1. What tally of residues in the range 178-220 results from selecting those that are within 20 Å of residue 47 (Cβ to Cβ) and more than 14 Å from the chain's Cα centre (by Cα)?
2. Looking only at the range 58-82, which residues are within 21 Å of the chain's Cα centre (by Cα) and either modelled with pLDDT under 90 or within 18 Å of residue 178 (Cα to Cα) (or both)?
3. Can you find, within the range 43-87, the residue that is surrounded by the fewest Cβ atoms within 10 Å (Cβ to Cβ) among those that are of a type in the set (D, E, K, R) and within 23 Å of residue 237 (Cα to Cα)?
4. Looking only at residues in the range 185-211 that are assigned to a loop (DSSP other than H, G, I, E, B) and over 21 Å from residue 36 (Cα atoms), which one is modelled with the lowest pLDDT?
5. With respect to residue 145, is the statement that it is part of a loop (DSSP other than H, G, I, E, B), among the polar types (S, T, N, Q) and out of contact with any His (no Cβ under 8 Å at 6 or more places or on another chain) true?
6. Being charged (D, E, K, R), within 26 Å of residue 187 (Cβ to Cβ) and modelled with pLDDT under 95 is the filter here; which residues of the range 83-128 pass it?
7. Can you tell me which residue within the range 130-162, out of those that are over 19 Å from residue 81 (Cα atoms) and hydroxyl-bearing (Ser, Thr, Tyr), is modelled with the lowest pLDDT?
Amino acid sequence: MQRAPRPPRRSTTPTSDSFQSTESLPGTPTTPNHPKPLYLCSPFVEAALVKGNFKHIVAQPKYADVMEWVAVNILDFYQNLNQFYGVLAECCTQQSCPTMTAGPTLNYTWINQDRKSVQLPAPTYIDYVMTWVQNQLDDENEFPTKSGRDFPQNFPSRAKHIYRQLLRVFAHLYHAHYPQILHLRSEPHFNSLFAHFLAFGKEYDLLDVKDIKGQQGAAVGIGALWERWKEMGILEA
């Protein structure tokens, strides 16, 4: 697996080494009727660099090992998302984003060293997530890059957990920072990256529908985008 240069190493996160799980809890709704988010409005919802169904893009190459294919794509998704967040980081502060919101009534919570769910500012939460993912990608035991090294037996479950955490970063950026993405005229790039991410996750069983759509009373904002793109034929129904 060929690796691109890493971004600067982040600080160590105050979480357990295994990073077992985080939970999501409903926040406090501010109004019973929330305005339609911009990313669901035309022409923004249609903005993309790639036309057609993303299923063709995520197809496994004929002679590629499936785990190698998943590992390479996870690396690419992480690096691209990390670059987008780097551009938006000055807009995502402890003052503007005191919690890790992903919908009008949803905040993601963090599991700390005492195994308790805690609210964190979004930039802190995202820094922890991206640090953990980077550490996984740098671990030769988890993501081997040398010839003759096999992927560990728990690689599918580890890949799924990485995917779930990256999805939460996408969810926050769409919910809280899409106006800034529009200001940068980057919505075609960001939409295409996310559609590719969703299509790949569905194709290789890396995403659960409940992670994309949330639960009743704590819906993930991007769940509606997932449904809209299926209606448009961008994602497979």
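1. Total satisfying the criteria: 12.
2. 80, 81, 82
3. Let us first name the residues in the range 43-87 that are of a type in the set (D, E, K, R), namely 46, 51, 55, 62, 65, 68, 76.
Applying the additional criterion that residues be within 23 Å of residue 237 (Cα to Cα) yields 46, 51, 55.
Working: 46: 15, 51: 9, 55: 14.
Ranking the qualifying residues of the range 43-87, first place goes to 51.
4. Going residue by residue through the range 185-211, those that are assigned to a loop (DSSP other than H, G, I, E, B) are 185-186, 204-208.
The next check asks that each one be over 21 Å from residue 36 (Cα atoms); those that pass are 204-208.
Working: 204: 95, 205: 95, 206: 96, 207: 93, 208: 89.
Selected residue: 208.
5. Numbers: part of a loop (DSSP other than H, G, I, E, B): yes; among the polar types (S, T, N, Q): yes; out of contact with any His (no Cβ under 8 Å at 6 or more places or on another chain): yes.
In short, yes.
6. Initially, the range 83-128 is screened for residues charged (D, E, K, R), giving 90, 114-116, 127.
Add one more test, that the residue is within 26 Å of residue 187 (Cβ to Cβ), and what stays is 90, 127.
Within the range 83-128, just 90 meets the criteria.
7. So, considering only residues that are over 19 Å from residue 81 (Cα atoms) and hydroxyl-bearing (Ser, Thr, Tyr), the one modelled with the lowest pLDDT is 147.
The values are calculated or read from the model by the stated rules, or taken from the named source; none is laboratory data. Please read all numbers here as calculations on a predicted model, not as lab measurements. Heads up, the Cβs are rebuilt from the backbone with ideal geometry, glycines too, and the neighbour counts pull from every protein chain shown.
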